[in-house]
Amino acid sequence: MVYKVLTYSLVGIEAFLVEVESDVSLGLPVFNIVGLPENTIKESKERIRAAIKNSKLPFPEHRITINLAPADLKKEGTSFDLPIAVSILAHSLNIPKEHFTSFLISGELSLTGEIKTTKGALSSAFLSKKLKLKGLLLPPQNALEVARFIDIPVYPVKHILDVVSFFKGDIQIKPFLYDKDEINSALTNFNVDFSEVSGQYQAKRALEIAAAGKHNVLMFGPPGSGKSMMALRLPTILPDMTLEEALETTMIYSCAGLLEGGKPITTRPFRSPHHTSSEVSIVGGGTVPRPGEISLAHNGILFLDEFPEFKRPVIEALRQPLEEGVIHVSRANSSVTFPADFMLVAAMNPCFCGFYGDSGRQCSCSYAQVIKYRKKISGPILDRIDIHIEVPRIPVYEFSKTNSPETSANIRARVLQARQIQNERFKKNNFFNSRLTSAMIKKYCQLTQDARSLLDTAAESFKLSARSYNKILKLARTIADLDSSYEIKSPHISEAIHLRGMDKEIS
């Protein structure tokens, strides 16, 4: 008799149904697993055998064949431990077949039979709802991430004995109940604030504009001028995540196995990879494609400090996600699309020594070295970054000022107001000025005559590309929104041009 247990396999961040078929027949004791299992699944045989025996359950000393269907889909991970063990025990305990076709089962087994957390539980919940199953049997750590978003019964199971008793009808397990107030109470608690940043009024203004329209930012200036300090405080002025954004981000972290204690992601992620990171770790990929840093920063911030020090392929790989908000990872046997709609914040020194143009210290680089350093950032990448702002050395007198700088709460209030204007304009949430298409720019970026003349003059003087021209219009639209102005006026265009500092330097 063949028993069938339902589980899932991850491809990217999407869960696909896998049927664990077991056959126990007479013959020499052999335990085979077929159906394109990777090493982690092949090694599970000894874990499963020990878990069953240490739980005082009968393990059949016969020929055991496990098939993971569909057989042409590569499977990997430890989440198959529990469904394989249950399908084997079904033979020994004579559990009716129909009990297994209504639930999706997943979990890693310890040698004592305890069930450990798995990856991609949230994705499996979507699959279960699509298949109209009765519910999921998951480790308690995974129950929280699922119950937060998906309206489907989730039965937390701590030990393999719980699963066996549940299917035999010896015990009842109550579905997990989620306490929303417990997590939502800590949504906007930050231990940093913009009031801690002395001076740098232009840079803080640039970050406010970036937050209001979700624009990408490049800050350049000497070491110690506060670039990293301001980047770390940018999340404090961003709006709270919507339920849809939290769901998307939590699903990515769930598939990457990065959820702490099963708690969903309810604050915007801030990812800051080191400049020695590889291309795969940044954009995602691998033999079995995994989400990279740009996907882990989805709906949040990707901060790249020492931007020119990143490998050239890593920087150039950002072109597609900056433009489309997704990354397509193609391999010989699969092609996966990961979400990557992040806000890029990059920081760099103006030259190799870091003091070109600094009023406090003399630069030791030749002009050729300065040009060589800046050419590490290609023109196409600069074109895709909306704001290029210089962050000069902070004057000493700024440290001795008695008046406190503006707080994050005050800046955030203006950002929220500008975001609300955009939501009403586009008649949908989570659509920002940075995403305006050429047709939408013509419709929504209404310029006064003076503003149009100023922009055309700047485009001719600085030899702006079509993309840079449109970037200035998008920035001006955000600045006008912060000013609660329907029309884009000359001061808005002037400030937007100022925020494209690299365009002027290149020209």
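The values are calculated or read from the model by the stated rules, or taken from the named source; none is laboratory data. Not measured: the values here are computed from a predicted model. Positions of Cβ are backbone-derived with ideal geometry, glycine not excepted, and every protein chain shown enters the neighbour counts. Note: accessible area is taken over every heavy atom of the protein model, side chains too, but ligands, DNA and RNA are not part of it. Shrake-Rupley method; radii C 1.70, N 1.55, O 1.52, S 1.80 Å.
Here the contact order of the range 379-494, divided by its residue count and restricted to Cα pairs under 8 Å and six or more residues apart, works out to 32 percent. Summing +1 for each Lys or Arg and -1 for each Asp or Glu among the other residues whose beta-carbon sits under 14 angstrom from that of Phe100 gives +1.
In the chain, what % of DSSP beta bridges are antiparallel (nearest 5)? Around 50 percent antiparallel, to the nearest 5.
Applying a length cut-off of 24 Å (Cα extent along the axis) and a mean Kyte-Doolittle floor of -1.0 to the DSSP H helices of the chain leaves 408-426, 466-482. Of the peptides 51-60, 387-396, the ranking by mean beta-carbon count within 10 Å, highest at the top, reads 387-396, 51-60.
Only one item in (1) 1.01; (2) 1.04; (3) 1.08 matches Rg/Rh (Cα atoms, Kirkwood Rh) derived from the coordinates shown, and that item is (3).
Here's the list of lysines a cross-link from Lys401 could span, going by alpha-carbon distance under 21 Å and ignoring same-chain residues fewer than 8 apart: Lys204, Lys227.
Evaluate the distance, in nm, between pseudo-label points positioned 7 Å from the Cα of Ser334 and of Asp170 along their respective Cα→Cβ axes. Label at Ser334, label at Asp170, 3.7 nm between them. When DSSP beta bridges are restricted to pairs lying wholly in the range 63-188, around 35% turn out antiparallel.
If you take all other residues with their beta carbon under 14 Å from the beta carbon of Arg319, and give Lys and Arg +1 and Asp and Glu -1, the sum is -2. The GluC sites (Glu not before Pro) of the range 427-507 that meet both conditions, a loop assignment by DSSP and at most 16 other Cβ atoms within 10 Å of the site Cβ, are Glu487.
Look at the alpha carbon pairs under 8 Å that are at least 6 residues apart: their mean separation over the length of the chain gives a relative contact order of 13 percent.
Cα gyration tensor of the range 385-507, axes a ≥ b ≥ c as square roots of the eigenvalues: rounded (a/c below 1.5), prolate (a/b > b/c) or oblate? Oblate.
Each Cα pair under 8 Å and six or more residues apart adds its sequence gap; the mean of these over the residue count of the range 52-206 is a relative contact order of 18 percent. Placing +1 on the Cβ of every Lys and Arg and -1 on the Cβ of every Asp and Glu, with no other charges, gives the range 31-117 a dipole of roughly 200 debye about its Cα centre. At an R0 of 22 angstrom, the distance between the Cβ atoms of Ser272 and Ser359 translates into a FRET efficiency of 0.15. The dipole here belongs to the chain: it is taken about the Cα centre, uses +1 on the Cβ of Lys and Arg and -1 on the Cβ of Asp and Glu, and is about 540 debye. What 222 nm value per residue comes from the helices of the chain, counting each DSSP H run with n ≥ 4 as -39,500 (n - 2.57) and dividing by all residues, nearest 500 deg cm²/dmol? That comes out to -11500 deg cm²/dmol. Looking at the square roots a ≥ b ≥ c of the eigenvalues of the Cα gyration tensor of the range 329-406, which shape do they give, rounded for a/c under 1.5, prolate if a/b is larger than b/c, or oblate? Oblate. Summed over the residues of the range 200-260 and divided among them, the accessible surface reaches 29 Å² per residue at a probe radius of 1.4 Å. Entry for the range 122-174 at q = 0.15, 0.23, 0.25 Å⁻¹: log10 I(q)/I(0) = -0.40, -0.86, -0.96, Debye formula applied to identical alpha-carbon scatterers, no solvent contribution. Of the three principal axes defined by the Cα atoms of the range 419-486, the extents in descending order read 37, 21, 17 Å.
Which of rounded, prolate or oblate describes the range 60-208 when judged by the alpha-carbon gyration tensor and an a/c cut-off of 1.5? Prolate is the answer for the range 60-208, as a/c is 1.5 or above and a/b outweighs b/c.
Here's the picture: charge each Lys and Arg Cβ at +1 and each Asp and Glu Cβ at -1 in the chain, and of Gly379, Thr276, Pro156 the one pushed furthest to the positive end of that dipole is Gly379.
With the charge dipole of the chain set up from +1 on Lys and Arg Cβ and -1 on Asp and Glu Cβ about the Cα centre, the Cα lying farthest toward the positive end among the listed residues Ile488, Leu234, Ser92 is that of Ile488. Close amide-amide hydrogen proximity is noted between Leu109 and Asp81, Leu82, Lys116, each under 5 Å apart and 5 or more residues distant or on a separate chain (H modeled in the peptide plane; Pro and chain starts excluded).
Each 5 Å bin from zero up to the one holding the largest Cα-Cα distance in the range 272-372 carries the following percent of pairs: 3, 13, 20, 20, 14, 10, 9, 7, 4, 2, 0, 0.
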